[in-house]
1. By how many nm would the segment from R40 to T178 lengthen if fully extended, with 0.36 nm per residue of separation less the alpha-carbon distance?
2. How big is the stretch 111-161 by Rg and Dmax over its Cα atoms, in Å?
3. Express the Stokes-Einstein translational diffusion coefficient of the stretch 51-183 in µm² s⁻¹, to the nearest whole number, given a Kirkwood radius over alpha-carbon pairs, 10 °C and a viscosity of 1.306 mPa s.
4. So what is the diffusion coefficient of the stretch 1-94 in µm² per second by Stokes-Einstein at 25 °C and 0.890 mPa s, using a Kirkwood Rh over Cα pairs?
5. Using a 1.4 angstrom probe with every protein chain in place, what is the largest-first accessible-area order of L220, L130?
6. So, R0 is 35 Å and r is the distance between the beta-carbons of Y33 and E56; what FRET efficiency does that work out to, to 0.05?
7. Return the ratio Rg/(2.2 N^0.38 Å) for the stretch 121-193, where Rg is computed over Cα atoms only.
8. Just for the chain, what percent of DSSP beta bridges are antiparallel, to the closest 5?
Amino acid sequence: MAEKEIEIDGYKHVLYENSRLGVDAIRESEEFYQLMNKRRSVRTFSDHPVDRKVIENIIKTAGTAPSGAHKQPWTFCVVSNPEMKRKIREAAEKEERLSYEERMSERWKDDLKPLATDAEKPFLESAPYLIIVFKKAFELDDQNNKQNNYYVNESVGIASGMLITAVHHAGLITLTHTPSPMNFLSELLERPKNERPFLLLPIGYPEEPSYVPDLKRKSLSEITEFYD
Ligand code: IYR
């Protein structure tokens, strides 16, 4: 029998018990792919309510993501307050109008044509919940010195991906909204200086009917190189 715990350099390590050992990996991976291949970024939300427990569970799932030196450099701000959603929409649309009118190149706007996006962001009010993901660039130690976190974008990007996966798995929809610049979110939500906005995810159920662009995903061979 393996030891339940051991010590390395004075730190406790516990036995890794793989509860998934023995599952049919081919079937499970195929089924999970089929599930995830149905995920779409949907921009039209119904007013169907979302149980707060669902939001808590998907955030707990995101919180299981790996992170640089296990610093877990993220905060998930959950907004359901209609007045706060209205303020976020107003500020986001102000930036988006500038972006679409002045900041984005013609090529960029052409690339977005199939997605039918514009500066209007009604989903910021119609989605029952907005989750604003903040990255923690650094922490302050006891002497108020900045201690930088590691691989912050990678860590928060992975956590956001897991959050999106959990939303889809629970039967809800989301989309990745990235107003630019995003500092208005720090101000509106009164976030501390070490936090920067990373991504905004409206979460809810789709309006029926909802339509999404007829996009095709790259094939396995287009996204993979095998080195056998
Ligand atoms: N930030 C804008 C514009 C936008 C940019 C990309 I790249 C997209 O894939 C979609 C939209 C917005 O969030 O609408």
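1. Values: separation 138, 0.36 × 138 = 49.68 nm, distance 1.65 nm.
Fully extending the segment from R40 to T178 adds 48.0 nm.
2. Taking only Cα atoms of the stretch 111-161, I get Rg and Dmax of 17.2, 52 Å.
3. Working: Rh = 16.7 Å.
Estimated diffusion coefficient is 95 µm²/s.
4. Values: Rh = 18.7 Å.
Estimated diffusion coefficient is 131 µm²/s.
5. Values: L220 115, L130 0 Å².
Largest accessible area first, the residues go L220, L130.
6. On the way: r = 27 Å, r/R0 = 0.77.
FRET efficiency, Y33 to E56: 0.85.
7. Numbers: Rg = 14.9 Å, N = 73, 2.2 N^0.38 = 11.2 Å.
Cα Rg divided by the expected 2.2 N^0.38 Å: 1.33.
8. On the way: 25 of 26 bridges.
Antiparallel: roughly 95 percent of the beta bridges in the chain.
The values are calculated or read from the model by the stated rules, or taken from the named source; none is laboratory data. Treat the numbers as computed from the prediction; the structure is a model and nothing was measured. Cβ coordinates were reconstructed from backbone atoms using ideal geometry, including for glycine residues, and neighbour counts include every protein chain displayed. For accessibility, only protein heavy atoms count, side chains too; no ligands or nucleic acids. Shrake-Rupley method; radii C 1.70, N 1.55, O 1.52, S 1.80 Å.
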